[in-house]
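These notes are about the structure you will find just below.
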Amino acid sequence: VSQAAHLKWWSTYRALTLHYATLAQRHGADAYCVGTELVMMTDQYPLEWRELIRDVRQVYDGPVTYAAHWEKEFDRIPFWDALDAIGINAYFPLDAPEHATMRQLVAAWQPHRRRIAALAAKTGKPVVFMEVGYRPVSGMHRKPWAYSGGTYDLEAQARTFDAMFTTFAHDPWWRGVF
């Protein structure tokens with residue numbers, strides 16, 4: 001990407017972000033998210049993000065976060081310290097059988113939970129799942145981002161959501177899910 005293209009993107013993104021932050025302030029939004037899964041941008045341009053976050057705070061006085069990709073960036077964001085919470089789009093794959101029990105699903109969450117807990121401890125920031133979702137089909141917990149496949153199964157969907165809440169319910173750093 002050329003320097004000119006980079007500057008144009010940031011200028012445009014900054015204007016858009018500040019416009020929405022101003023609207024968030026005007027309308028009393030409870031929180032504001034400065035971006036979602038901009039993986040290559042977060043790694044390569046941390047100074048620009050810090051400047052943008054600083055400028056957002058000039059027009060919006062509520063909590064500010066970023067919605068990080070569950071696999072590609074959440075534990076590599078270099079500017080979590082500038083935000084009020086760690087935001088994660090939590091489509092973590094759960095390594096459990098297709099018709100997993102609650103116990104199996106909770107167990108499958110543990111490696112992800114440990115990574116998230118380590119980041120929360122390192123940064124001292126609370127964690128919010130900005131996105132999470134499970135379609136009402138069997139086995140969806142293996143690839144929760146997938147839009148097709150599986151056999152209709154409302155109970156599997158309910159168990160998987162229940163497992164997520166059960167996994168994190170007692171972690172003081174976990175503040176919930178959108």
Report task. Scan the stretch 137-152 for residues that are free of Cβ contacts under 8 Å to residues at least 40 places away in the same chain and touching a Ser or Thr at 6+ places or on another chain (Cβ under 9 Å) and report the count. Result -> 5
Report summary line: Arg14 passes all but one of the listed conditions (1) in contact with a Leu (Cβ under 8 Å, 6 or more places away or on another chain); (2) loosely packed, with under 15 Cβ neighbours inside 10 Å; (3) not hydrophobic (A, V, I, L, M, F, W, C); the exception is number (2)
Report task. Answer yes or no as to whether Ala21 is part of a helix (DSSP H, G or I) and touching a Phe, Trp or Tyr at 6+ places or on another chain (Cβ under 6 Å). Result -> yes
Report summary line: Pairs returned, first residue in the stretch 61-79 that is closer than 12 Å to Leu119 by Cβ, second residue that is assigned to a loop (DSSP other than H, G, I, E, B) and of a type in the set (Val, Ile, Thr), beta-carbon separation under 8 angstrom, 6 or more apart or interchain, are Ala68/Ile77
Query - Residue check for Arg175: of a type outside the set (Gly, Ala, Ser), part of a strand (DSSP E or B) and open to solvent by 20 Å² or more (accessible area, probe 1.4 Å) - result: yes
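The values are calculated or read from the model by the stated rules, or taken from the named source; none is laboratory data. All values reported here derive from a predicted model rather than from experimental measurement. Every residue, glycine among them, receives a Cβ derived from its backbone with ideal geometry; neighbour counts consider all protein chains shown. These area figures cover heavy atoms from the full protein model, side chains too; ligands, DNA and RNA do not enter into them. Shrake-Rupley method; radii C 1.70, N 1.55, O 1.52, S 1.80 Å.
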